[in-house]
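The values are calculated or read from the model by the stated rules, or taken from the named source; none is laboratory data. Since the model is a prediction, treat every value here as computed from it, not as a measurement. Ideal geometry is used to build each Cβ from the backbone, glycine not excepted, and the neighbour counts take in all protein chains shown. Only protein heavy atoms, including side chains, enter the accessible area calculation; ligands, DNA and RNA are left aside. Shrake-Rupley method; radii C 1.70, N 1.55, O 1.52, S 1.80 Å.
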Amino acid sequence: MAKQLNAALAGQVDKSRLPRHVAIIMDGNGRWATRRGLPRTAGHKAGAEAFRRIATYCKNLGISYLTVYAFSTENWKRSETEVNAIMLLLKKYLLEAVDSMERDNIRLRFFGDMTPIPAELQALAHQTDEITAHLDQGDFQANICLNYGGRDEIVRAVRRYAEDCVAGKQNPSKINETLFSGYMDSAGIPDPELIIRPSGELRLSNFLLWQCAYSEFYATDTLWPDFDEAELDRAIAAYQQRDRRFGAVK
Ligand code: IPE
Ligand code: IPE
Ligand code: MG
């Protein structure tokens, strides 16, 4: 039933009511590979291609921000081979991004704690940050969540805020949601209106816990490497049919 409804929604995107910010939990790479008799790392490679495809499509549609979950604070529990393969793929992607960001007007930002990330990757992320700083604020922005956890993001924000209080720059009696949002990795970016999770799992797995307060959630059984433009159309069309009340009565 849900599948039929999803199929019917493809191609029904109202371009005048697009979400400004779409977030995706890029899940299902491992299962995609296993089903083909391939190593899990082949799934991550296909997943990286899906990201490239969907980021380009979001930019062309006119979505302002795409935030993707690439590696969680919990994903270090995986084998060293798998973690290394993911880091290598990220390096390859960032090297290409450094070359093409300016030409394609794509801003890149990272959410997450970069301190345990390999130095080479950190340096590349620093380079993409510098390019992003020069690009127009209105350009499409992709946020890559790397060693990211929603709880960890909140704890890091609290730490920075507490340090500012100790330094006399903040006063605890003045804190409010807007001020606190400014300490998050997502500072200055509107909350995602739509969060998509492929691969059939119905959980957030520690993704954007602060920002998801009123996000619309969309799940599909499609595995991330198979997620294409039509799938994104379906998710956006479903989002556009939701009645967003924000606690009020209409
Ligand atoms: C998502 O795909 C990518 C990462 C978590 C890094 P998975 O690797 O979790 O794929 P499944 O869930 O095992 O199929
Ligand atoms: C969430 O997927 C993290 C990313 C997609 C990067 P997981 O595969 O790690 O989540 P669980 O373990 O199924 O909750
Ligand atoms: Mg998974």
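The table below lists the values:
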item: Checklist (1) open to solvent by 70 Å² or more (accessible area, probe 1.4 Å); (2) away from ligand 2 (no atom under 16 Å from the Cβ); (3) farther than 22 Å from SER100 by Cα; (4) not basic (Lys, Arg) applied to LEU18, failing item; result: (1)
item: Cross-chain or 6+ apart pairs with Cβ under 6 Å, region 111-135 first and free of Cβ contacts under 8 Å to residues at least 60 places away in the same chain, then assigned to a loop (DSSP other than H, G, I, E, B) and not acidic (Asp, Glu); result: GLN122/MET114
item: ASP185 being open to solvent by 40 Å² or more (accessible area, probe 1.4 Å) and farther than 19 Å from LEU18 by Cα; result: no
item: Count of residues meeting criterion [under 30 Å from MET101 (Cβ atoms) and either open to solvent by less than 30 Å² (accessible area, probe 1.4 Å) or in contact with an Asp or Glu (Cβ under 7 Å, 6 or more places away or on another chain) (or both)] in region 126-169; result: 19
item: Subset of region 34-48 that is more than 22 Å from the chain's Cα centre (by Cα) and assigned to a helix (DSSP H, G or I) - its residue that is farthest from ligand 1 (Cβ to nearest atom); result: ARG35
item: One residue from ARG203, ARG245, ARG197 being basic (Lys, Arg) and open to solvent by less than 50 Å² (accessible area, probe 1.4 Å); result: ARG197
item: Top-ranked residue in region 69-96 [being in contact with a helix residue (DSSP H, G or I) (Cβ under 6 Å, 6 or more places away or on another chain) and of a type in the set (Val, Ile, Thr); ranked as farthest from ligand 1 (Cβ to nearest atom)]; result: THR73
item: Residue within region 56-67 that is within 14 Å of ligand 2 (Cβ to nearest atom) and of a type in the set (Val, Ile, Thr) present; result: yes
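Each row is one residue, and each column tells you yes or no for (1) crowded, with 18+ Cβ neighbours inside 10 Å; (2) farther than 20 Å from PHE207 by Cβ; (3) of a type in the set (Phe, Trp, Tyr); (4) at pLDDT below 95.
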| position | (1), (2), (3), (4) |
| --- | --- |
| ASP27 | yes, no, no, no |
| LYS59 | yes, yes, no, no |
| GLY62 | no, yes, no, no |
| PHE71 | yes, no, yes, no |
| LEU95 | no, yes, no, no |
| SER100 | no, yes, no, yes |
| ARG109 | yes, no, no, no |
| LEU124 | yes, yes, no, no |
